[in-house]
Amino acid sequence: MSEHHHNKAPRGLWSSRIGFIMSAAGSAVGLGNIWKFPYITGMHGGGAFVIFYLFSIVLVGLPIMVAEMVIGRHARKDPVGAFRRLRGGIWTGVGWLGVAAGFVILSYYCVVAGWAVDYLWLSIKGTFSGAHAQEVPEIFGNLLNNDLAQLFWQAVFMGLTVWIVLGGVSNGLERANKVMMPVLFLILIFLAGYGLSLPGGAKALNFLFAPEWGKLDASGMLESLGHSFFTLSLGMGAMLTYGSYAEEETSIPGVAVTVAIMDTTVALLAGVAIFAIAFSYGMEPAAGPGLVFKTLPIVFSQMPGGTLVAILFFVLLVFAALTSSISLLEVVVAYYCDEKKWSRKKATLVMGGIIFLIGVPSALSNHLLADFHIIGDRNFLDSVDLLATNYMLPLGGLLIAIFTGWVLTTRLARAEIEKGEVRFHLYPLWHFLIRYVSPILVAIVFLYKIGLF
Ligand code: PFF
């Protein structure tokens, strides 16, 4: 670890540029890519949605990722401390919103990731191989009806998350990401290649990349813009926190572009793998959230070598979830370490425990608390997901864009980026995007989501 920053507080630093990239990509690549992206693409008709999604990443996601990393590295603080240091007043609230979103998202993220761990366990036991096509979806139903099992797997997953975060920035987060991310890529490339070799491969490519514009409606466009935040871990200070551990010599725009490309590649490869496998066995693309827990395991039960493919797929899903959950917990831990001067050990254990408890109603939301609706007819888990992804992240992202473009000023941001030996050639473009394009697009999404249109 480099010591030439002479930081008084013992904050962590990434030990290398590649460690920073792997960690930020690890945060971005998660359930959002492998579970959510394929099923929302399936529900919104494929190709046209995918193309619009690519625009959302470039026009909204990328500029805001640069902004978050700049704020973090400039302040060298957690989100609350960063906004307080750079401007203070009501802007500190943006940091608070971020830390709060960390609590909310991690609480239910551990529940869904827990399902993935359970499915990994079932795959290892060979539960899917040879099971009847009708039985397989029932396995998911049984899990959702089993409160204790869900709590157990949620606890297992939170335990893994806490264990990694306890290790600190370079020895915990970075080390774990440097192992899990390459494994994740290898598995995904294998699965996508395997999918393409099946009869449904061509149909999957066609579904994902040949746009039928008539299938894309306003709700699909908004979903795509909103998802660009979730999938890139933006709007709540995760990239801000990770940026606060970056060296000055590291090019922030370079890292951000690399991370966005990796995240998008993973989403598309996951789409290819999942749709190719599903189409080859006559499954429907619009299966919704059950796509990877109900539809896909049916295929695993029927295909030759299905047990191995199932194990690989659920290792992939668990690794993706874990590299993201550690970044969610890190936001909260950074706040308690930087602002409250807690030790990392205390912050990680106490907050991991509290967030587990906040997640308990989500784990129980399909059975014990099934009649307990918060927003509309949504159960607890779906309500907190909606709250975080539709409201907290877009609002946070909007405020971060306005802060960077208009309050902090892009001139100062440029100076931060160019502190090392880095040239920011696309600065004029970024300046235009972060001041006008990103905030206006996000504002439209936000107003729509709160029902103003
Ligand atoms: N980007 C993660 C995913 O796609 O699953 C989710 C996420 C992680 C959102 C970290 C926000 C965050 F701060």
task: Just give me the residues in segment 93-128 being open to solvent by less than 10 Å² (accessible area, probe 1.4 Å) and among the polar types (S, T, N, Q), in sequence order.
output: 107, 123
field: Test for residue 361: is it away from the ligand (no atom under 13 Å from the Cβ) and either open to solvent by 10 Å² or more (accessible area, probe 1.4 Å) or within 23 Å of the chain's Cα centre (by Cα) (or both)
entry: yes
query: What is the one condition in (1) away from the ligand (no atom under 16 Å from the Cβ); (2) hydrophobic (A, V, I, L, M, F, W, C); (3) crowded, with 24+ Cβ neighbours inside 10 Å that residue 333 does not satisfy?
result: (1)
- line: Within segment 417-441, residues being farther than 30 Å from residue 247 by Cβ and open to solvent by less than 30 Å² (accessible area, probe 1.4 Å) number 0
Single unsatisfied condition, residue 171 versus (1) of a type in the set (S, T, N, Q); (2) more than 20 Å from the chain's Cα centre (by Cα); (3) surrounded by 18 or more Cβ atoms within 10 Å (Cβ to Cβ); (4) assigned to a helix (DSSP H, G or I): (3)
query: If you check 287, 347, which single one turns out to be open to solvent by less than 20 Å² (accessible area, probe 1.4 Å) and of a type in the set (A, V, I, L, M, F, W, C)?
result: 347
field: Subset of segment 314-323 [open to solvent by 10 Å² or more (accessible area, probe 1.4 Å) and away from the ligand (no atom under 13 Å from the Cβ)]
entry: 315
message: Test of understanding: among 355, 375, 326, 311, which residue is of a type in the set (Val, Ile, Thr), more than 16 Å from the ligand (Cβ to nearest atom), at pLDDT 95 or above and on the phi < 0 side of the Ramachandran plot?
response: 311
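The values are calculated or read from the model by the stated rules, or taken from the named source; none is laboratory data. Computed from a prediction, not measured in an experiment: that's the story for all the values here. Neighbour counts are summed over all protein chains in view; Cβ atoms, including those assigned to glycine, are modelled from backbone coordinates with ideal geometry. The protein model used for the area step is the full one, side chains on, heavy atoms only, and it has no ligands, DNA or RNA in it. Shrake-Rupley method; radii C 1.70, N 1.55, O 1.52, S 1.80 Å.
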